[in-house]
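So the structure is just underneath, and the comments pick up after that.
The values are calculated or read from the model by the stated rules, or taken from the named source; none is laboratory data. As the structure is a prediction and not an experimental result, all values here were calculated from the model. In this analysis, Cβ positions are derived from the backbone assuming ideal geometry, glycine residues included, and neighbour counts consider all displayed protein chains.
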Amino acid sequence: AGAGERDHLLRQRALKVVPGGMTGHLNAAQLPAGYPQYFARGQGCRVWDVDGREYIDFMCSWGPNLLGHAHPQVDEAARRQQALGDCLNGPTERFVELAERFVARTAHADWALFQKNGTDATTICLMVARAATGKRKVLVATKAYHGADPWCTPVPVGITAEDRAHLIYYTYNDTASLDAAVAKAGDDLAAIVCAAFKHDLGVDQELPTAAFARHARQLCDKAGAALIVDEVRAGMRVHAGGSWETVGVRPDLCAWSKSIANGYALAAVTGVDSLRDAATRIYATGSFWSGGVAMAASLATLDVADAQDVVGHVQAMGQRLRDGIAAQAASHGMPVRQTGPAALPLILFEDDPAFEKGSAFTVEALRRGVYLHPRHNMFLSLAHTEADIDQALEATDAAFAAVSRRYGSR
Ligand code: PMP
């Protein structure tokens, strides 16, 4: 089944006026045929494409929708702020309230700065670390995604080798590779950057081991470098106070975005006191960064997240999905690997190097009203109920049956 007619026409129009029709990871051309590019609306854990097809949504806008689409409390807070003003000559009171809120609820944080996109936040973390240390080298895990700026874009087109001249690569969860990278940095180490957990595209996810996290902490302490955790994807779904609370390690800087304002554009950097002066000295700003609407939405999002144990809920719903998928995979004789935190599920088929089975599976699920991703981790929200998960599992059961007919079971 192809995408709908309206979707098709929009793509054709876009091709004439938008280079390539669509940019980046949201480009539906990177998904199997049949996936829609254009959406009309979202409500709770459901989205509707422009051809009126309804899906149970397991991407949550690639993370931002933590509480579900069009959450009434968040949207009401945003509307109230919108009526007062969004983009003014300076921030609103929400700015101070939200910084106080981040400092109060984030284990490592003594201060916060706000931006718009995750890339802003990760980039500022590097700037703060370099400003504080006067050093240049930054350690980054191979294949890790930290955004779309020249220093980190996964597609090195339109950038120079010099943009990455001071990056040194290590392997996530591999302490020996960290040691080697630190040695390579010599006396020029500014920071070690770690994703909250390993969530590289198309490979099994990995939670950080406590040994790895502690080792990264010790190496930074020894060198006077900053330990940076990129929470942009994992934030608010793994641990309310910061993902590395689960391994008992506190970073110096964290980058946040996606889920923190339930779909409104906002990013944040949180940091420790010893980096306050460096964070004061760097120049990082944007015309829209102090906008009040997204901050009001974020305050409301955090109200709900703190009152309703969102972490517990998304983990439980993710686990329900995971258990159901595991049982179906076994009964259809189509083994899959499900890795990482249950709240950010990734389903990869065994013996599927080109993601053919995975793609066929998600297309079959899509036809039955369930929006999954064949290679990228997915996201649960507060809006997913047990009934939604069970309804989705009916579709995946039929999808497994269709795929095992095509590829054979074992
Ligand atoms: N870091 C991580 C871990 C991410 O997942 C992303 C977004 N996928 C980013 C940084 C960049 O965020 P943004 O797309 O908002 O710039």
Report, by residue number, each residue of the stretch 208-227 that is assigned to a helix (DSSP H, G or I) and exposed (fewer than 15 other Cβ atoms within 10 Å of the Cβ). ALA210, ALA211, GLN218, ASP221, LYS222
Tell me, yes or no, whether the stretch 130-150 has at least one residue that is assigned to a helix (DSSP H, G or I), surrounded by 21 or more Cβ atoms within 10 Å (Cβ to Cβ), within 16 Å of the ligand (Cβ to nearest atom) and not β-branched (Val, Ile, Thr). no
Give ASP200, ASP221, ASP188, ASP174 a once-over and let me know the one that is in the same structural domain as VAL103 (by TED's automatic domain parsing), away from the ligand (no atom under 16 Å from the Cβ), in contact with a Lys or Arg (Cβ under 6 Å, 6 or more places away or on another chain) and at pLDDT 95 or above. ASP188
Tell me the residue from VAL50, VAL96, VAL103 that is on the phi < 0 side of the Ramachandran plot, buried (at least 17 other Cβ atoms within 10 Å of the Cβ), of a type in the set (Val, Ile, Thr) and more than 16 Å from the ligand (Cβ to nearest atom), please. VAL50
Within the stretch 228-272, can you find the residues that are within 13 Å of the ligand (Cβ to nearest atom), part of a loop (DSSP other than H, G, I, E, B), in contact with a Lys or Arg (Cβ under 7 Å, 6 or more places away or on another chain) and not small (Gly, Ala, Ser)? VAL232, ARG233, LEU266
Log entry, pairs with first residue in the stretch 23-43 being closer than 14 Å to ARG375 by Cα and hydroxyl-bearing (Ser, Thr, Tyr), second being part of a strand (DSSP E or B) and modelled with pLDDT of 95 or more, beta carbons closer than 6 Å, six or more apart or on different chains, reads none
Looking for something surrounded by 15 or more Cβ atoms within 10 Å (Cβ to Cβ) and closer than 18 Å to LEU302 by Cα - is there at least one such residue anywhere in the stretch 79-90? yes
Qualifying positions in the stretch 357-394 - within 19 Å of ALA33 (Cα to Cα), assigned to a helix (DSSP H, G or I) and in contact (Cβ under 8 Å) with a residue 40 or more places away in the chain: LYS357, SER359, ALA360, PHE361, THR362, VAL363, LEU366, ARG367
